[in-house]
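Visitor: Once you've had a glance at the structure underneath, I'll fire off some questions.
The values are calculated or read from the model by the stated rules, or taken from the named source; none is laboratory data. What you see is a predicted model, and the numbers here were worked out from it, not measured in a lab. Here the Cβ is made from the backbone with ideal geometry for all residues, glycine too, and neighbour counts use every protein chain on show. To get the accessible areas, we keep the full protein, side chains included, count just its heavy atoms, and leave off ligands, DNA and RNA. Shrake-Rupley method; radii C 1.70, N 1.55, O 1.52, S 1.80 Å.
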Amino acid sequence: MAIPLSWWLTVAAALFAIGLYGVLSRRNAIGVLLGIELMLNAANINLVAFWRFITPQALTGQVFAIFVIGIAAAEAAAGLAIIISAYRRRRTVVVDELDTMRW
Amino acid sequence: MDFLFSFTPLIPLFPLLAFAVIVLFTYRYNRLSSDIAIGSIALSTVLAWAVLLATLLGGEHIQVEGWQLRVPWLPAGTTVLDLGFAVDGFTAAMLFMVPFVCLMIFIYSQGYMKLGQPDQDPRYARFFAYISLFAAGMLGLVVARDLVLLFVSWEIMGLCSYLLIGFWSFRKADDEHHIDEAQVIRARKAALKAFITTRIGDVLLFSGIALLYSYTGTVTLREIFRPETLETLQTISLLGMPAVTVIALLVFGGAVGKSAQFPLHVWLPDAMEGPTPVSALIHAATMVAAGVYLVARMLPLFIAGFEVADAPALHWVAIVGAITALLGATIGLAQDDIKRVLAYSTISQLGYMMMGLGLGSLVAGIFHLLTHAFFKALLFLGAGSVIHGVEHGHHVAAHADHVHTEHFNPNDMKAMGGLRHRMPYTFVAYLAGTLALVGIVPFAGFWSKDEILAEAFHLWRADGALNLPFWVWLAGTLGAFFTALYMGRQLGLVFWGEPRHTAARHAHESPSSMTIPLIVLALFALLFGFVNAPFLGSPLHHFMGGVHEASEVVHAEAVPFNFTVAAISTVLAVAGLLLGWLLYRNYRPGQVEPFQVVLGPVFTLLRNKYYIDELYQQVIIRPVVWLSNFCFNIDDRWIIDPFVDLVGAAGRVASDIVRVLDSVVVDRWFVEGTAQLFNAAGRGLRYSETGRVQNYLLVVAVTILLLLGLYLYF
Amino acid sequence: MAIEQALQIFVFVILTLMTLGGGLAVVTSRNLFHAALSLILSLAGVVGYYVLLDAGFLAIVQLLIYIGAISILILFSIMLTRGLMTPRQVQRNEQWWIAALVVFLTFVVLIVALWQMVWPIADDEALRTPNVAISQLGEALVGPYAIPFEIISVLLLVALVGAIVLARETENNQGSHAEAGSSE
């Protein structure tokens, strides 16, 4: 492999940070969801990179990456349903305005 | 007889099945449901006693080495989690007590929940489903071979305690049955409090189990207690301590929550809001016993930590136990609710058990656990019978006079009095329970309490100096006096004197489904102590003392009977009992309490339970909110608003300080003043709850960042 | 060999530009629709990564599920909730700069951690022949990983049912809908 493990991990860390920024700073709930997708992908890059460089004979890394994708699908479905439901009830998808839990 | 051991997995399975069957199929049929529940626990009792018999006949080999069964359960990649069952002398001893006491409570519940009567509980079948699940949890805990099953059972009990303590939160406020809204809300809050408070302990326990697994690669108790494994754990350093000490402390944290030890004891008195059989179940055979059982099971870890560390976990067990024993016993002096007195008594007795374990003696702690289970179940069921009788009396009186006396609390001891004539069976049984709890020869409590005190005394004399065992002994002996005092007060208030309320005048004896379990348990309270009586050669010691021998760190030998210790505690117990009884036997309504006359302001402090609940509300719950406040106020949009609020709040706090100082000087209590101060501060801080998910997430991110930074730094 | 290595590095750089550039566009773009399209670009970069890492099956899965399903779902949701967030509106909340600071620090800490760490890299022989047979992956999923696999499938089912229940337009919803409309 021409590209060492730490490069992969660096890229994944960067993608994770970008995703986290999106989650924390987007006003639109769908934007938050996009950030979460980026973070999950960053985790997946890590899993696959670790598999490739540290335990290439085992399958754990790939299997877990598949699980993560499965969870991401479930999360997207449920998250978008919640957003659409909130939109119907509150006429907004702005996260700041969905503050029923406020004091 | 070894084939009997293969029945072990069935012991928790029957009540579990009963739960499933009732919830899924028979919930419409009340009598059938309760019969299924009682039948299943009776089957479990028979099997458990068969296993006990096999252990008794199996000799030392079985009692020490034990029998075990491994069931591969969850394959997860390269590791497989096992679900195992194991029996040794210790488990067998628990198996004698747990299902039997549960059976008694189940039978009693049939009467208490008024089967077949017009005012039968509307959720009767569900009640039996829940208590069956509860019993399944406790039995699963006892027969667990691995920490996985142990933790699962532990959590099942946590869930059931929530469901059962809050069982009456679904009742409708109703004049006919004297249920008011406040009572329903109290039940709801008590359930949440129990759940959340024990959860703190559960998290600690789970971290302990996770650490154990990560260091040893196994969750099987016997493998962990192998000398090599313990040695490895002793050499690993974690947070500046040997890993074994850290793990032992975490496990103890779990036990502190479950067994209601100081400082997490606050949930247990509130748990009285549930139906009385639930209190008996929680306080005697199951929930609180689970924590003590866990510490006893993990004792090799504690002692291994004791060998190497400067701050041994074992000492903490003894210290917390001693504090709890005294704390519970003193608060019990000043409570009016018949069940709350017993609740604080339970807290105090659990402290005794922890003291015994903290001195390194498995048998002393567990012996007290077993005897306590019998007599405390008896006392709770007796209290339930009293409440039942008084409630009935109130009903009769109300119907006769066609007036509803408002605000009648059937648990209030001050509204009782003279019940020994009206409820003779209950009275005799209650007296037996009291004598056992107080520790009068030859009742069960005498032998077990004496063993703990003798152990402490022995360790003290062996060393000579004023060491920890001395303080433990002192706390235990003082606690014994207070125990006798509050029980004397209770007897005097409930059973002697003149009835202080029409309800007490019309009270009558409970049905036989309630009195028969009482009589049976009373016999056990009288006789059970002999299983470890020194003059019989301490049979329990020989039976279960050796279970931790294989770990090579626990050495159990019976401490010889010490006449001095027994004499001191017995004299104090008799004195306390008589004193309490004399002072309260002719108590008249409206009279200032004799204890208040003697103790003055201290009595107020005790009545308010040392203000610990108030302290937690302000010191633990508010700062959680405060932490988020701290992070958000940095931000510019909210810096204006909270600033204004904060100035306002600060002004309010300042004025409160002045006012509180003032009132302290004038008439108020210092402690109460502190509570008010915290309250005012809290009111200002609640504005940090913005309800915006991204604020919360930011806090999460910052926390993770800090933890990562810490990880790098170290 | 040297040419192959150089080629790999070249591809890696291109993919990184796609992934990170796409990612940045996702979190900064004012137009949410553009953000979602950038997400597809970014996810395509990740597909390339998987190919480079010899995880062919995962690359296909990523392509099918992420780009084929999730991204499309997100695009539909944006269209369903449109008309509210016009591109001219501010898309960041008020805590964005503090978030940026925290995120930057997190990134720094992560980088420091992973460059300090000595990774237990497998030996050359193992590195050269990674285990890539899809059949083995399939066997693992129904063998030692059967229970997590089943749990994931149950989770997906629950998410599916939950999504339908949540997003379904009930009578009740329409009522409050009308109310909201009249009050506006």
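Visitor: For region C:48-77, which positions are more than 8 Å from every other protein chain (Cβ to nearest Cβ) and in contact with a Phe, Trp or Tyr (Cβ under 8 Å, 6 or more places away or on another chain)?
Guide: Within region C:48-77, C:G56, C:A59, C:L75 qualify.
Visitor: Does at least one position in region B:133-151 carry a residue that is in contact with an Asp or Glu (Cβ under 6 Å, 6 or more places away or on another chain) and either more than 21 Å from B:R171 (Cα to Cα) or surrounded by fewer than 22 Cβ atoms within 10 Å (Cβ to Cβ) (or both)?
Guide: Of all residues in region B:133-151, those in contact with an Asp or Glu (Cβ under 6 Å, 6 or more places away or on another chain) come to B:146.
Narrowing the set further to residues that are either more than 21 Å from B:R171 (Cα to Cα) or surrounded by fewer than 22 Cβ atoms within 10 Å (Cβ to Cβ) (or both) leaves B:146.
Yes.
Visitor: Something else about it: For region A:68-87, which residues satisfy the criterion of being more than 13 Å from the chain's Cα centre (by Cα), at the interface with chain C (Cβ under 7 Å from one of its Cβ atoms) and not hydroxyl-bearing (S, T, Y)? Explain how you work it out, then say what you get.
Guide: The initial filter retains those residues of region A:68-87 that are more than 13 Å from the chain's Cα centre (by Cα), namely A:77-78, A:80-87.
Keeping just the survivors that are at the interface with chain C (Cβ under 7 Å from one of its Cβ atoms) gives A:77-78, A:80-85, A:87.
Of everything in region A:68-87, those that are more than 13 Å from the chain's Cα centre (by Cα), at the interface with chain C (Cβ under 7 Å from one of its Cβ atoms) and not hydroxyl-bearing (S, T, Y) turn out to be A:A77, A:A78, A:L80, A:A81, A:I82, A:I83, A:I84.
One line per residue, one yes/no per condition, for (1) of a type outside the set (S, T, Y); (2) outside the structural domain of C:I70 (by TED's automatic domain parsing); (3) open to solvent by less than 40 Å² (accessible area, probe 1.4 Å):
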| position | (1), (2), (3) |
| --- | --- |
| C:T106 | no, yes, yes |
| C:I111 | yes, yes, yes |
| C:R128 | yes, yes, no |
| C:S153 | no, yes, no |
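Visitor: Related question: Which of the numbered conditions does A:R91 fail, given that it passes all the others? Conditions: (1) away from chain B (no Cβ under 14 Å); (2) at negative phi; (3) touching an Asp or Glu at 6+ places or on another chain (Cβ under 8 Å); (4) not aliphatic (A, V, I, L, M).
Guide: Looking at each condition in turn, A:R91 falls short on (2).
Visitor: Exactly one condition in (1) at pLDDT 75 or above; (2) at the interface with chain A (Cβ under 8 Å from one of its Cβ atoms) is false for C:V109; which is it?
Guide: (2)
Visitor: Any idea how many residues of region B:247-263 are within 10 Å of the chain's Cα centre (by Cα) and on the phi < 0 side of the Ramachandran plot?
Guide: From region B:247-263, those within 10 Å of the chain's Cα centre (by Cα) are B:255-261; that's our starting set.
From what's left, on the phi < 0 side of the Ramachandran plot: B:255-259, B:261.
Total meeting the criteria: 6.
Visitor: Let me ask something else. Which pairs do you get when a residue that is farther than 18 Å from B:F167 by Cβ and open to solvent by 50 Å² or more (accessible area, probe 1.4 Å), found in region B:179-207, comes within reach of a residue that is assigned to a helix (DSSP H, G or I) and hydroxyl-bearing (S, T, Y), reach meaning Cβ atoms under 7 angstrom, with the pair 6+ apart or on two chains?
Guide: Pairs that qualify, where the first residue is farther than 18 Å from B:F167 by Cβ and open to solvent by 50 Å² or more (accessible area, probe 1.4 Å) and the partner is assigned to a helix (DSSP H, G or I) and hydroxyl-bearing (S, T, Y): there are none.
Visitor: On the given criteria, is A:A49 at the interface with another protein chain (Cβ under 7 Å from one of its Cβ atoms) and either of a type in the set (F, W, Y) or closer than 25 Å to C:P120 by Cα (or both)?
Guide: Values: at the interface with another protein chain (Cβ under 7 Å from one of its Cβ atoms): yes; either of a type in the set (F, W, Y) or closer than 25 Å to C:P120 by Cα (or both): yes.
Here the answer is yes, as A:A49 does meet what is asked.
Visitor: Are there helices (runs of 4 or more DSSP H) fully within region B:1-112 with at least 1 residues that are in contact with a strand residue (DSSP E or B) (Cβ under 7 Å, 6 or more places away or on another chain), open to solvent by less than 10 Å² (accessible area, probe 1.4 Å) and of a type in the set (S, T, N, Q)? List them. Working first, answer last.
Guide: Working: elements: B:10-21, B:30-65, B:89-112.
Fully inside region B:1-112 and qualifying: B:30-65.
Visitor: A further question follows. Go through B:V341, B:V317, B:V390 for me and flag whichever is open to solvent by less than 10 Å² (accessible area, probe 1.4 Å), of a type in the set (A, V, I, L, M, F, W, C) and more than 28 Å from B:F495 (Cα to Cα).
Guide: On the way: B:V341 fails: more than 28 Å from B:F495 (Cα to Cα); B:V390 fails: more than 28 Å from B:F495 (Cα to Cα).
From the options B:V341, B:V317, B:V390, the qualifying one is B:V317.
Visitor: What do you reckon, is B:V547 buried (at least 24 other Cβ atoms within 10 Å of the Cβ), more than 22 Å from the chain's Cα centre (by Cα), not in a helix (DSSP H, G or I) and not small (G, A, S)? It would help to see each step written out before you state the result.
Guide: Details: buried (at least 24 other Cβ atoms within 10 Å of the Cβ): yes; more than 22 Å from the chain's Cα centre (by Cα): yes; not in a helix (DSSP H, G or I): yes; not small (G, A, S): yes.
Here the answer is yes, as B:V547 does meet what is asked.
Visitor: Go through region B:210-260 and tell me which helices (runs of 4 or more DSSP H), entirely inside it, have 3 or more residues that are surrounded by 23 or more Cβ atoms within 10 Å (Cβ to Cβ).
Guide: Values: elements: B:221-224, B:227-235, B:243-258.
So the answer is B:243-258.
Visitor: If I ask for residues that are surrounded by fewer than 19 Cβ atoms within 10 Å (Cβ to Cβ) and modelled with pLDDT under 70, which ones from region B:683-713 would you list?
Guide: Those that are surrounded by fewer than 19 Cβ atoms within 10 Å (Cβ to Cβ) and modelled with pLDDT under 70: B:R683, B:R686, B:E689, B:G691.
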